[in-house]
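These notes concern the structure reproduced below.
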Amino acid sequence: MVRLVVVLLLVCGVVVGCGAAEPEGPFPPRPAEIDVANVDPCVAMTPDLRQRLGVESDNPAIVPLADGPSRACSWGNFDVGDSYTVQSIQSPAGKVVAATGAVVTTVDGFGAVQIVEDRGGSALCELYLDTADTASIRVQMELLGYGEQNVVSTDGACQKAKILARSYLAEARAH
């Protein structure tokens, strides 16, 4: 009888131990928590990245959303039709996991939800970054495909969105 109790305790301990090691939700543990309310989204576009992407000056804005005011910053390359936005969202990234076409991924160790849309003449890629329990960052890149660069692909839009997301995460963690 004592052996049975010991075996049951060991089995229960292993099961509970394994369950405790599982991450909660669809994302891996965050490398850091970012207070999106206090980090200007315009920090994402460093001078080097601005030159690399060929974008114009920062366009900061306050956008009213159902979850509260959102800070946003956008940029454009009007020669080729690239449009970029980084926006704070006062709700967790996990809220969009169930959206049509949503794919859970990671960007520099942070969980993210990627949503793409082929608009027939443009490609849109959105990344919702899991930066905190109650807030997230939305990085959006849209390829409009005009000018000398008229090739539009969702893969190309997502590659550029990830470049901007990585820049935001690096700069936000440094602040």
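Of everything in the stretch 24-81 that is crowded, with 16+ Cβ neighbours inside 10 Å and β-branched (Val, Ile, Thr), the residue that is nearest to Glu171 (Cα to Cα) is Val43.
Counting only strands (runs of 3 or more DSSP E) that sit completely within the stretch 65-140, those holding 2 or more residues that are under 16 Å from Arg166 (Cβ atoms), at pLDDT 95 or above and among the hydroxyl-bearing types (Ser, Thr, Tyr) correspond to 82-89, 103-107.
Here Ala157 meets the list (1) crowded, with 17+ Cβ neighbours inside 10 Å; (2) within 12 Å of the chain's Cα centre (by Cα); (3) among the small types (Gly, Ala, Ser) almost entirely, failing just condition (2).
Of the residues making up the stretch 11-26, one or more are at pLDDT 85 or above and not aromatic (Phe, Trp, Tyr). Residues that are touching a Leu at 6+ places or on another chain (Cβ under 8 Å) and open to solvent by 10 Å² or more (accessible area, probe 1.4 Å) do occur in the stretch 129-140.
Residues of the stretch 98-122 that are open to solvent by 50 Å² or more (accessible area, probe 1.4 Å) and over 23 Å from Asp40 (Cα atoms): Ala98, Thr100, Gly101, Val103, Val104, Val116, Glu117, Asp118, Arg119, Gly120.
The values are calculated or read from the model by the stated rules, or taken from the named source; none is laboratory data. None of these values were measured; they are calculated from a predicted model. Neighbour counts are summed over all protein chains in view; Cβ atoms, including those assigned to glycine, are modelled from backbone coordinates with ideal geometry. For the accessible areas, the whole protein counts, side chains as well, though only heavy atoms, and no ligand, DNA or RNA atoms are used. Shrake-Rupley method; radii C 1.70, N 1.55, O 1.52, S 1.80 Å.
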